[in-house]
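Visitor: One structure follows; several queries about it will come next.
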Amino acid sequence: MGGESLAPPPGRRSGVGGAVIDFWRSFFLLTGCLLPACTGSGDPPLLRLALQTEPATLDPVAAVDFSSGTLSSLIHSNLVRFDAAGRIVPDLAREWSISEDGRRYRFSLFPARFANGRRVTARDVVFSFRRLLDPATVSPRWWVLEPVKSAASFHAGSPFSDDSMLALDDSTLVITLEGPTAHFLSLLSMPAAGVVCAEEVRERGADYGRRPCGSGPWKLSFWHAGEEIRLEKNSHCREINASVEGISFRILPESMTRIAEFEVGNLDILEVPGAEINHWRTAAPGLLQAEELRVVYIGLNNRKPPLDDPRVRRALNLAVDVETIIARILFGAGRRSRGPVPPALLPWPTGTDLYPYDPEEARRLLSEAGFPHGFSMEIWQRENPEAGRILESVQGYLARVGIEVKIVTREWGAFKQAVDRGTPDAFYLDWFADYPDAENFLQPLFHSSNRGGGGNRSGYANSRVDSLLEEAAAQVNAGTRTRLYQRAEELIYRDAPWIFLWFPIRYEVVSERITGYRIPLIFNGRRFLEVSFSGRSDH
Amino acid sequence: MIKFVLRRIILLVPILLGVVTVTFILMYVIPGDPVLALVGERYDEETLEAKRRELGLDQPLFKQYLGYLGRVSRMDLGRSFITGRPVTESIAERFPRTLTLALSAMLLAVSGGILAGALAAWGRFPWLGRSMMTLSLVGVSIPVFWLGLLLIFLFSIKLSLLPPSGYGGGSWRYLILPAITLSFASLATIARVTRSGFLDTGGEDFVRTARAKGLGESKVLGKHILRNALIPVVTIVGTDFGSYLSGSVLTESIFGWPGLGRFIVQAILKRDFPVIQGSILFMAVLFVIVNLLVDLSYGIIDPRVRRMGGAS
């Protein structure tokens with residue numbers, strides 16, 4: 001591994017502990033056991049990162065987990081993509097225009113090339129999109145292109161409508177939509193809309209997910225299962241990183257192991273786990289932080305009594321001191337949510353803090369709803385120590401207003417199945433943005449058509465919210481769209497389908513070896529094109 | 001002996017059939033749907049059904065079971081639902097790594113455990129015996145997770161001697177810490193058992209006779225005491241080694257070791273049926289083979305067992 005180091009981290013302690021350590025170090029030196037301090041110094045400069053979980057696939061149409069989506073986005077180009085700030089920027093498409101009715105998108109492509117050297121044409125884009133929609137592909141992400149004309153009927157088994165996606169020549173593509181869809185470019189930036197090389201897909205078949213060929217800035221060098229995935233620079237790509245030759249993703253499931261690897265200088269970027277934040281705040285002055293496009297919540301089963309009564313749900317929100325939980329358990333790594341949409345995507349209307357910590361008011365609302373002595377309920381969680389601590393705290397707060405909470409822990413598979421079926425009274429969950437748009441939080445999580453696996457796991461239904469969301473999705477005017485979403489969010493906030501908790505703050509620490517890195521707003525907004533080596537070394 | 005081995009090999013068939021059946025039933029009894037792991041957080045019912053059809057999960061259970069039996073009889077363990085890779089390929093890739101770690105850990109445990117046990121039983125330095133036994137008590141009690149992190153902290157972060165984690169393409173430097181961590185509990189148990197074995201056997205009549213006829217102490221120790229004291233050690237080795245071979249989830253997770261343990265746990269969490277079934281079947285075969293080898297080694301170490309085995 002290039003630049004790998006076994007040298008000590010800075011700031012070693014002195015004193016008796018130091019003397020003992022020095023003794024052992026000398027002992028190993030004398031007995032010849034000391035290992036080479038640095039290996040692979042002649043290797044090309046690599047950016048060294050860690051993945052908590054191994055990707056299931058690198059095929060855009062099958063990538064549904066975080067790791068798969070992240071890596072697939074580095075290997076494949078889209079028509080457009082997100083930059084680190086979450087803005088839509090050109091990727092394969094040099095420029096694009098949208099017809100006045102918002103239904104026709106015309107893209108002009110750069111003369112880009114795949115990793116195998118072959119020119120990317122508009123026909124490759126059509127092939128990739130058609131593959132995503134094809135019912136034979138059985139892609140769980142086919143809905144990314146659902147707004148395209150006849151896409152849903154093609155996915156349901158009807159013949160493909162050629163005029164919905166038309167390659168006019170090698171570098172011009174026209175896509176027609178069923179109706180105006182304001183977030184269509186955001187959808188095109190998702191990993192699922194990555195453009196693949198047609199002949200490589202045909203040749204590699206089911207193995208494409210492990211041997212992908214895209215036109216992104218990086219290409220797969222090797223994949224050692226359970227250990228490391230190495231990407232190298234795709235020299236055919238229009239945008240390349242001049243100083244970084246490759247990226248090594250090591251698969252390290254344990255957070256303490258990742259910390260150890262960072263401390264000895266084997267990783268360049270470390271996502272700081274919650275329990276370690278205070279330590280790194282003092283140990284790493286250059287600690288990066290960014291509010292994630294993620295909302296953490298306790299979903300309440302809106303179809304199950306007594307939680308089907310909005311007064312009860314409001315009481316639950318009033319009874320939990322979220323600010324204190326953020327301060328004490330998260331060490332400040334979160335921002336209390338007032339509504340489900342992160343403020344970076346949808347500004348909160350002023351004066352809408354409906355649920356300050358107020359147990360008295362909570363008790364009053366419970367009495368009004370017919371539960372003066374409270375009731376008992378279950379909150380389900382998947383196995384996670386932090387979630388356990390948080391829910392124990394919630395349990396304590398709710399007990400103060402007479403609600404007896406039983407915490408039920410299930411592993412992920414069983415938890416997900418139960419929650420999607422609407423079994424638990426309540427559940428602790430979070431939602432990551434697929435793309436930086438308020439629609440991605442409101443439509444899947446609260447539209448009544450998405451109840452269950454569609455994202456609306458609390459079973460919330462409000463016809464006024466439904467029509468506002470539908471109106472906003474078709475609205476091309478940005479200002480009107482924002483106002484519509486704000487109204488929908490306010491209604492949802494008042495109806496309290498969840499106990500609103502927080503938007504997490506992500507902390508990352510970066511080695512002195514690299515510069516130019518920033519935490520992206522959205523996970524696929526980082527392509528590591530701006531990162532370079534500072535010339536300084538940790539070792 | 002050959003008859004004994006043949007009988008055990010024939011016994012493998014009903015054992016494996018039982019394992020396949022129980023695993024298969026368990027997969028469908030426990031809550032959790034394998035298709036949910038494939039569709040992400042936003043899906044529709046049609047996609048769920050299409051995925052079920054694609055994976056053959058829409059078929060009646062008995063048909064699925066017979067199909068699986070048919071494939072297994074052709075040595076085909078199927079493909080992972082999640083990655084689409086053949087299960088045999090994944091096992092073949094990961095098992096050598098698990099085997100390397102298991103063998104190294106066992107070697108450390110056996111050599112260190114017997115040495116520590118023998119030293120503890122040797123009455124010349126009582127303080128040494130007491131220290132060894134205290135250490136072995138710590139070894140039995142210490143949680144693997146904590147020990148692993150402690151070793152990383154000391155040898156990687158503080159002393160900068162060994163890499164904290166990874167496989168390193170098979171380099172021995174990466175093997176040391178996980179092997180020590182994995183071996184620790186076995187080493188401690190073997191030390192305790194060896195000590196009591198040495199003390200018990202040391203007082204037997206045949207040892208006294210051997211000494212009385214003027215046999216050298218090293219021969220008494222090596223030929224008479226050690227051989228007899230080894231029988232329970234072999235039992236421990238058999239049991240522990242069998243479990244090491246099926247992967248050591250905690251050790252592999254702490255040290256980022258790409259072995260079978262993590263692979264199987266991930267498969268269980270994602271309800272990746274073919275991987276779970278294939279891996280369990282593979283582990284069952286391994287267990288049976290290791291136990292057979294242990295039984296055979298009893299006869300080599302102690303001729304009385306061989307005679308009894310022959311008589312039965």
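Visitor: Rounded if a/c is under 1.5, else prolate if a/b is larger than b/c, else oblate: which is chain A, with a ≥ b ≥ c the root eigenvalues of its Cα gyration tensor?
Guide: Values: a/c = 2.08, a/b = 1.07, b/c = 1.93.
Oblate.
Visitor: Which value, in Å² rounded to 10, gives the accessible area of residue A:138 with a 1.4 Å probe and all protein chains present?
Guide: Near enough 20 Å² of accessible area.
Visitor: Please give every one of the aspartates and glutamates within straight-line cross-link reach of residue B:270, meaning a C-alpha to C-alpha distance under 15 Å, and leave out same-chain neighbours fewer than 8 residues apart.
Guide: Reachable aspartates and glutamates: A:54, A:65, A:383, A:411, B:33, B:41.
Visitor: Taking chain B as a Gaussian network, where each spring joins two C-alpha atoms under 10 Å apart, which residue of B:13, B:294, B:234 fluctuates the most?
Guide: Judging by the Gaussian network model, the answer is B:13.
Visitor: Suppose only helical runs count, i.e. DSSP H with n ≥ 4. What mean residue ellipticity at 222 nm does that imply for chain A under -39500 (n - 2.57) per run, divided by all residues and rounded to the nearest 500 deg cm²/dmol? Don't skip to the end; give the middle numbers.
Guide: Numbers: 16 runs with 160 residues, N = 539.
Using -39500 (n - 2.57) per qualifying helix, the result is -8500 deg cm²/dmol.
Visitor: Then there is this: Given charges of +1 on the Cβ of Lys and Arg and -1 on the Cβ of Asp and Glu, with all other atoms neutral, how large is the dipole of chain A about its Cα centre, in debye to the nearest 20? Please list the in-between numbers first.
Guide: Values: 61 positive and 67 negative charges, 32 e Å.
Roughly 160 debye, rounded to the nearest 20.
Visitor: Roughly how many nanometres apart are two label points built 7 Å out from the Cα toward the Cβ at residue A:449 and residue A:470?
Guide: Output for this residue pair reads 0.7 nm.
Visitor: What size of dipole, in debye to the nearest 20, comes out for region A:236-384 about its Cα centre when the only charges are +1 on Lys and Arg C-beta atoms and -1 on Asp and Glu C-beta atoms?
Guide: Value, rounded to 20: 480 debye.
Visitor: Hey, any idea what % of region A:37-128's accessible area is carbon plus sulfur with a 1.4 Å probe? Show your work: numbers first, answer last.
Guide: Details: 1710 of 3420 Å².
Summing carbon and sulfur atoms, their accessible area is 50 percent of the total for region A:37-128.
Visitor: Here's another thing I want to ask about it. Under 29 Å between alpha carbons: how many lysine pairs meet that in chain A, if sequence neighbours fewer than 8 apart on the same chain are excluded?
Guide: On the way: A:219/A:233; A:304/A:406; A:304/A:416; A:406/A:416.
Lysine pairs satisfying the spacing and distance rule in chain A number 4.
Visitor: Would you work out if region A:175-331 is rounded, prolate or oblate? Take a ≥ b ≥ c from the square roots of the eigenvalues of the alpha-carbon gyration tensor; rounded if a/c is under 1.5, else prolate when a/b is larger than b/c, oblate otherwise. Mind dumping the intermediate values first?
Guide: Numbers: a/c = 2.40, a/b = 1.31, b/c = 1.83.
Here region A:175-331 falls in the oblate category.
Visitor: Heavy atoms only, probe 1.4 angstrom, no DNA, RNA or ligands counted: give me B:217, A:508, A:291, A:404 ranked by accessible area, highest first. Kindly include the intermediate steps, with their values, before the conclusion.
Guide: Working: B:217 95, A:508 5, A:291 60, A:404 130 Å².
Largest accessible area first, the list is A:404, B:217, A:291, A:508.
Visitor: Further question on the same structure: How about region B:259-273: which of its residues lose at least 50 Å² of accessible area in the presence of all protein chains relative to their chain isolated, using a 1.4 Å probe?
Guide: Correct list: B:262, B:269.
Visitor: Sort B:74, A:389, A:131 from largest to smallest accessible area, using a 1.4 Å probe on the heavy atoms of the protein chains.
Guide: Values: B:74 160, A:389 115, A:131 35 Å².
So the residues, ranked largest to smallest area, are B:74, A:389, A:131.
Visitor: With a 10 Å cut-off between alpha carbons and a GNM built on chain B, which of B:300, B:289, B:152 moves the most?
Guide: It is B:300.
Visitor: From the residues A:476, A:136, A:305, which one has its Cα farthest along the dipole of chain A in the positive direction, the dipole being from +1 and -1 charges on Cβ of Lys/Arg and Asp/Glu about the Cα centre?
Guide: Projecting each Cα onto the dipole axis, the largest value belongs to A:476.
Visitor: Scan around residue A:337 for amide H atoms under 5 Å from its own, H built in the peptide plane at 1.01 Å from N, and keep only partners 5 or more places away or cross-chain.
Guide: A:501, A:502, A:503
Visitor: Another question about this same structure. Any idea of the accessible area per residue across region B:162-241, 1.4 Å probe, to the nearest Å²? Before the final figure, lay out the partial values.
Guide: Numbers: 3650 Å² over 80 residues.
Per residue, region B:162-241 has an accessible area of 46 Å².
Visitor: Considering only B:83, B:284, B:4, whose Cα is most displaced toward the positive end of the charge dipole of chain B, charges sitting on Cβ of Lys, Arg (+1) and Asp, Glu (-1)?
Guide: The listed residue farthest towards the positive side: B:4.
Visitor: Something else about it: So, counting K/R as plus one and D/E as minus one, what does the shell of residues with Cβ under 10 Å around residue A:459 add up to? Please list the in-between numbers first.
Guide: Values: positive: A:303, A:304, A:451, A:457; negative: A:308.
Within the 10 Å Cβ shell, the charges total +3.
Visitor: Which distance in nm do the two modelled labels at residue A:386 and residue B:107 give, with both placed 7 Å along the Cα-to-Cβ direction?
Guide: According to this spin-label approximation, the distance is 4.1 nm.
Visitor: Which helices, counted as full DSSP H runs in chain B, have an axial Cα extent of no less than 30 Å and a Kyte-Doolittle average of -1.0 or above? Could you put the intermediate results ahead of the total?
Guide: On the way: long enough: B:2-29 (40 Å, 2.16); B:87-121 (48 Å, 1.14); B:172-202 (40 Å, 0.73); B:273-301 (41 Å, 2.03).
Helix filter hits for chain B: B:2-29, B:87-121, B:172-202, B:273-301.
Visitor: As a test question: what accessible area, to the nearest 10 Å², does residue A:314 have when a 1.4 Å probe is rolled over all protein chains in place?
Guide: Here the residue's solvent-accessible area equals roughly 70 Å².
Visitor: Given a Förster distance of 22 Å, report the FRET efficiency between residue B:200 and residue B:142 from their Cβ-Cβ distance, rounded to the nearest 0.05.
Guide: Values: r = 27 Å, r/R0 = 1.22.
FRET efficiency, residue B:200 to residue B:142: 0.25.
Visitor: For the charge dipole of chain A, defined by +1 on Lys and Arg C-beta atoms and -1 on Asp and Glu C-beta atoms about the Cα centroid, which residue among A:515, A:367, A:201 has the Cα displaced farthest towards the positive pole?
Guide: Result: A:515, furthest along the dipole toward the positive end.
Visitor: Let me ask you something else. Could you tell me which of rounded, prolate or oblate describes chain B, using a ≥ b ≥ c as the square roots of the eigenvalues of the alpha-carbon gyration tensor, with rounded for a/c under 1.5 and, failing that, prolate when a/b is larger than b/c and oblate otherwise? Numbers along the way, then the final one.
Guide: Details: a/c = 3.26, a/b = 1.64, b/c = 1.99.
It comes out oblate by the Cα gyration axes.
Visitor: Based on the Cβ-Cβ distance of residue B:219 and residue B:75, what FRET efficiency does E = 1/(1 + (r/R0)^6) give at R0 = 56 Å, to the nearest 0.05? Intermediate results must be reported in sequence, preceding the final value.
Guide: Working: r = 50 Å, r/R0 = 0.89.
About 0.65, to the nearest 0.05.
Visitor: Mind grabbing the accessible area of residue B:44 for me, 1.4 Å probe, Å², rounded to tens?
Guide: Counting only protein heavy atoms, the figure is 40 Å².
Visitor: Rounded to whole Hz and in sequence order, give me ³J(HN,Hα) for region A:412-427 from the Karplus expression 6.51 cos²θ - 1.76 cosθ + 1.60, θ = phi - 60°, writing x for Gly and Pro.
Guide: Rounded to whole hertz, the list is 3, x, 5, 4, 4, 4, 5, 5, 5, 8, x, 6, x, 5, 8, 8.
Visitor: Shifting gears a bit: Mind grabbing the interface size between A and B? I mean buried accessible area, both sides, 1.4 Å probe, in Å² to the nearest hundred. Mind showing how you got there, number by number?
Guide: On the way: alone 23090 and 17390 Å², together 35870 Å².
Counting both chains, the buried surface is close to 4600 Å².
Visitor: If Lys and Arg each add +1 and Asp and Glu each add -1, what is the summed charge of the other residues whose beta carbon sits under 13 Å from the beta carbon of residue B:57?
Guide: Working: positive: B:51, B:52, B:53, B:63, B:271; negative: B:33, B:49, B:54, B:58, B:272.
So the environment of residue B:57 carries a net charge of 0.
Visitor: Next question, about the same structure. Give me the distance in nm between label points sitting 7 Å out from Cα along the Cα-to-Cβ direction at residue A:104 and residue A:206, one decimal.
Guide: Here the modelled spin labels are 4.3 nm apart.
Visitor: Another question, then. Looking only at B:114, B:276, B:25, which one moves most when chain B is put into a Gaussian network model with springs between Cα atoms under 10 Å?
Guide: Highest fluctuation of the listed residues: B:25.
Visitor: For chain B, what is the mean residue ellipticity at 222 nm derived from helices alone (per DSSP H run of n ≥ 4: -39500 (n - 2.57); sum divided by total residues; nearest 500 deg cm²/dmol)?
Guide: -24000 deg cm²/dmol
Visitor: Also: Any idea what the relative contact order of region B:94-311 is, in percent, if you count C-alpha pairs under 8 Å spaced at least 6 apart?
Guide: The value is 26 percent.
Visitor: Hey, another quick one. What net charge is computed for the residues neighbouring residue A:103, neighbours being all others with C-beta under 10 Å from the C-beta of residue A:103, Lys and Arg scored +1, Asp and Glu -1? Working shown, then result.
Guide: Values: positive: A:104, A:149; negative: A:100, A:101, A:178.
After counting each charged neighbour, the total is -1.
Visitor: Pop out the ³J(HN,Hα) list for region A:180-185 in order, Karplus 6.51 cos²θ - 1.76 cosθ + 1.60 with θ = phi - 60°, rounded to Hz; leave Gly and Pro as x.
Guide: Karplus values, whole Hz, x for Gly and Pro: x, 9, 4, 9, 4, 5.
Visitor: Order A:480, B:239 by their accessible area, 1.4 angstrom probe, all chains in place, largest first.
Guide: Numbers: A:480 45, B:239 80 Å².
Result, largest first: B:239, A:480.
Visitor: Considering only protein heavy atoms, what per residue accessible area in square angstrom results for region A:250-352 with a 1.4 angstrom probe? Working shown, then result.
Guide: On the way: 3680 Å² over 103 residues.
Ligands and nucleic acids excluded, the result is 36 Å² per residue.
Visitor: On a straight-distance basis, which aspartates and glutamates could pair with residue B:223 in a cross-link, Cα separation under 12 angstrom, same-chain partners fewer than 8 positions away excluded?
Guide: Partners within reach: B:302.
Visitor: Still on this structure, please answer the following. Cα atoms only, region A:60-218: Rg and Dmax in Å?
Guide: 14.4, 42
Visitor: So, one more: Calculate the dipole size of region A:60-218 relative to its Cα centre from +1 charges on Lys and Arg beta carbons and -1 charges on Asp and Glu beta carbons; express the result in debye to the nearest 20. Before the final figure, lay out the partial values.
Guide: Details: 18 positive and 18 negative charges, 63 e Å.
Around 300 debye, computed over region A:60-218.
The values are calculated or read from the model by the stated rules, or taken from the named source; none is laboratory data. Since this is a predicted model, take the numbers as computed values, not measurements. Counting neighbours? That spans all protein chains shown, and the Cβs are built from the backbone with ideal geometry, glycine included. Each accessible area value is taken on the protein alone, full model and side chains, heavy atoms only, with ligands, DNA and RNA left out. Shrake-Rupley method; radii C 1.70, N 1.55, O 1.52, S 1.80 Å.
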